[in-house]
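Notes follow the structure.
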Amino acid sequence: MVDNWSGASLLPSLYEAIKIEPRKHTYIFIGFTDEERGEVGSHFYVLQMTPEQVAATAAMVNMDTLGLAQTEVWASHSDKRLSGAIDYVGKQLNIPVRAVNVERVGSTDSEQFAARGIPSITIHSLTQETWNAHILHTSRDNFYAMNLNNYYQTYRLLSAYVAFLDQVESPEAGTSH
């Protein structure tokens, strides 16, 4: 399914892209369960984090529903600094990044992290057109709904974005992404 599967399936490729060079920060790649049932997995994960783990986490980059259209950021639910960084990287790669807020669609896993004070960003591809096409949560929510060129551009962007975040100084020294 495009909703959730598209982000989770990108994780191994993203890991392979960034492991080539040593990184300053530690990255944790996680696939959460039951987002559609109230972000059960991310809620549980964040509740288990100690105050020290919360303080040591510089950012949460959430990928949800990729490949339906060009890369977008849920700007109203994303940290401005993280949004500015992805916009900068997109411009360097000549990959457009639009701000598309999807409040009426639901929520997403990054909300649990933001509630604990962890800067977060949600990257997606849901537009009004794709919403009106009634793809999500239907039998049309499958691999064939994706535009593979858009999906690949999102992969390129996210690979460069994560590498860029590794070079940016964290708000607090010694924090992780």
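Just a few scattered comments:
- Globularity index of the stretch 1-68, i.e. its alpha-carbon radius of gyration over 2.2 N^0.38 Å: 1.24
- For the stretch 68-125: rounded, prolate or oblate by the Cα gyration tensor [a/c cutoff 1.5]: oblate
- Charge context of Ile135, other residues only, Cβ under 11 angstrom, K/R +1, D/E -1: -2
- Between Asn147 and Phe29, the modelled labels are 2.6 nm apart [label points 7 Å from Cα along Cα→Cβ].
- For the chain, the Kirkwood hydrodynamic radius from C-alpha pairs, put into Stokes-Einstein at 25 °C and a viscosity of 0.890 mPa s, yields a diffusion coefficient of 149 µm² per second.
- Once the Cα gyration tensor of the stretch 45-87 is diagonalised, semi-axes √(5λ) in Å: 25, 14, 8
- Note on the stretch 1-146: antiparallel DSSP beta bridges, both residues inside, total approximately 25 percent of the bridges counted.
- Volume per residue for the stretch 13-113 equals 131 cubic angstrom (convex hull of Cα atoms).
Throughout, read-outs are computed from the coordinates displayed, never taken from laboratory work. Keep in mind that this is a model prediction, so the values were computed, not measured. Note: ideal-geometry Cβ built from the backbone for every residue, glycine included; neighbour counts use all protein chains shown.
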